[in-house]
Amino acid sequence: MDFSWMAWTLPTALFFLAIALMLVGMGVWEYVSPGGNPRVGVLRFETTRGDRLFVSLLGSAFIHLAWLGLVGANLWWALALSVIYAIAVFRYV
């Protein structure tokens, strides 16, 4: 298989590896503790761990895109902001 069209670099590979590890981790967590710990948070509807993971990944993508458009290519601060955002989503949503 030829994946040269995607320009695989170390950051790209680490990005996809991190998402794969998050999905595997969530699967193991669900296996060990079924039910997803549904709760009603700030959004005023019931969310599970998987819902909160999806919202945090989607929001992090938008944070990074906005950072690229407004600030530039140094994404370390966007990563820090995304981690803070994900913690807030898992805590309050």
Order of 36-48, 10-22 by packing, highest average Cβ count within 10 Å first? 36-48, 10-22
In degrees, nearest 10, range 0 to 90: what is the angle between the Cα axis of helix 76-92 and the longest Cα principal axis of the chain? 10
Dimensions (Å) - the chain, Cα atoms, principal axes, largest first: 41, 36, 17
Could you give the accessible area per residue of segment 47-92, probe 1.4 Å, as a whole number in Å²? 66
Suppose we look only past 11 Å in the calculated P(r) of segment 47-92. What percent of the Cα-Cα pairs does that tail hold? 63
If you average the sequence gap of Cα pairs under 8 Å that are 6 or more apart and divide by the length of the chain, what percent do you get for the contact order? 24
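The values are calculated or read from the model by the stated rules, or taken from the named source; none is laboratory data. Predicted, not measured: the structure shown is a model, and the values here were computed from it. Cβ atoms come from the backbone with ideal geometry, glycine included; neighbour counts cover every protein chain shown. To get the accessible areas, we keep the full protein, side chains included, count just its heavy atoms, and leave off ligands, DNA and RNA. Shrake-Rupley method; radii C 1.70, N 1.55, O 1.52, S 1.80 Å.
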